[in-house]
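The values are calculated or read from the model by the stated rules, or taken from the named source; none is laboratory data. Fair warning: this is a prediction, and the values are worked out from it, not measured in the lab. Using ideal geometry, Cβ is built from the backbone for each residue, glycine included, and neighbour counts are taken over all protein chains shown. In case anyone asks, the SASA skips ligands and DNA or RNA and just uses the protein heavy atoms, side chains included. Shrake-Rupley method; radii C 1.70, N 1.55, O 1.52, S 1.80 Å.
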Amino acid sequence: MDGDCIAWVGPAAALPAAYDGWTRETLPGGLLTPALIDCHTHIVYGGNRASEWERRLLGASYEEISRAGGGIRATVAATRAASEDELVASARRRLDDLIAEGLGTIEIKSGYGLDTQSECKMLRAARTLGRDSGIRVRTSFLGAHALPAAYEGRPDTYIDLVVEEMLPAVVEAGLADDCDGFCENIAFSAKQMRKVLEKAKSLGLGLRLHAEQLSNQGGAQMAAELGALSCDHLEYVDEAGVKAMADAGTVAVLLPGAFYFLGESKKPPIAMMRDHRVPMALASDCNPGSSPLTSLLLTMNMGCTLFGLTPEEALAGTTRAAAAALGLGTHLGTLEVGKTADLAYWDVDHPGHLAYPLGANPHRGQIRAGQWVT
Ligand code: NIG
Ligand code: FE
């Protein structure tokens, strides 16, 4: 490593003589990887939804709970009521779980505020988490996550508020790197989401979209055609959507934690994504309703056991493809000369073994931008 970058990679025996005088460190464990990247989280939120989970165990569906005014709206009420410091403190506990497993970069969404002030509060909390923890944080503005109760029956009026007031405000304050939305029959249509994403693009934000999680709305195709960095969930995506993603270089972010926790049965079309060479990332989707998951290693295991990814695809999913999903592929995600030295080392002897255990943590240490972290 030279400063914060990787200077050379290869077998020790091939190390050029020019490096003879450089400091050497021998790491414990058998494997060095890029630090892991969680490219889809809602880790900042108030309250929890444990009682909603119990209702689902007794037979209520996620969709029914949402239509009855629970679900995301319940977390919106708790998040609006929480102070910024409270949001930072509760999210920090979840972030620490991820860091303990080699996390170097995380994406954090807003989307539980649904008014300008509360969305900004969430995004400021996310930026604070990045400064306090030393982990690289990328933020996504998710104002179009659910229809706030006050706009019941007037979704287009709410979309206008997102486009005309909220987006310009979060961009002006420098709080958002990217823009996301929830395109679904219980949230917003592809037409409504197009309006939001087009505005976000004109303001210089990267684009991503929760698409085809519970039904096929054509959101993935629409977002890919706008040049989205990622489309996420994708259980119900069709071939037109996958092709559009392949053409645009859009990353498929798979979220097996939500599939598992909601007891879904329709899997994303992995074979079709492989055929069209769409890069596949894996993320925790950490959120109180559909995926209270704070382990990327378990996410990788679920990607294999539930969706049929290979263990090496799972590792690429939380490194190379996750970096691409955040638009950071030229700096992060692989061990290559010139990339940022964000590294994790592990007590395993084969890359495929990271996704194999359930509940074990073979992480032994981390290097962040060339700095040792113990
Ligand atoms: O990614 N799908 C929309 N958003 C989240 C769930 C949010 C919630 O239920 O609080 C997701 O699954
Ligand atoms: Fe999500």
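Here are the numbers for the structure shown:
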{"read-out": "Segment 9-82 - Rg and Dmax from Cα coordinates, angstrom", "value": "24.9, 69"}
{"read-out": "√(5λ) per eigenvalue of the Cα gyration tensor, segment 64-188, largest first, Å", "value": "25, 16, 13"}
{"read-out": "Added length on full extension, which subtracts the Cα-Cα distance from 0.36 nm per residue, LYS267 to GLN371", "value": "33.5 nm"}
{"read-out": "Cα radius of gyration and Dmax for segment 154-246 (Å)", "value": "12.7, 39"}
{"read-out": "Coarse-grained scattering of segment 304-363 at q = 0.19, 0.30 Å⁻¹, given as base-10 log I(q)/I(0) from a Debye sum over alpha-carbon atoms", "value": "-0.78, -1.23"}
{"read-out": "Modelled label reach - GLU239, point 7 Å along Cα→Cβ, segment 260-300 residues with backbone N closer than 19 Å", "value": "267-279"}
{"read-out": "Label-to-label distance, nm, for residues given as ASP2 and ALA18 (7 Å Cα→Cβ offset)", "value": "0.6 nm"}
{"read-out": "Of all DSSP beta bridges in the chain, antiparallel share, percent nearest 5", "value": "35 percent"}
{"read-out": "Peptides 24-32, 113-121, 281-289, 356-364 ordered by average Cβ neighbours within 10 Å, highest first", "value": "281-289, 113-121, 356-364, 24-32"}
{"read-out": "Efficiency of FRET between TYR151 and HIS276 - r from beta-carbon atoms, R0 45 angstrom, step 0.05", "value": "0.75"}
{"read-out": "Listed residue pairs exceeding 26 Å between alpha carbons, taken from LYS243/LYS267; LYS195/LYS339; LYS267/LYS339; LYS201/LYS243; LYS109/LYS195", "value": "LYS195/LYS339; LYS267/LYS339"}
{"read-out": "Accessible surface of the chain [probe 1.4 Å, protein heavy atoms]: carbon and sulfur percent", "value": "50 percent"}
{"read-out": "Residue-by-residue Karplus 3J(HN,Hα) for segment 52-68, coefficients 6.51, -1.76, 1.60, Hz, glycine and proline x", "value": "5, 4, 4, 5, 5, 5, 8, x, 5, 9, 4, 5, 4, 4, 5, 5, 8"}
{"read-out": "Kirkwood hydrodynamic radius over Cα pairs of the chain, then Stokes diffusion coefficient at 4 °C and 1.567 mPa s, in µm²/s", "value": "62 µm²/s"}
{"read-out": "Per residue accessible area in Å² of the chain, where ligands, DNA and RNA are left out and the probe is 1.4 Å", "value": "41 Å²"}
{"read-out": "Considering only segment 1-146, percent of DSSP beta bridges that pair antiparallel, nearest 5", "value": "10 percent"}
{"read-out": "Segment 218-374: antiparallel DSSP beta bridges as a percent of all, rounded to 5", "value": "55 percent"}
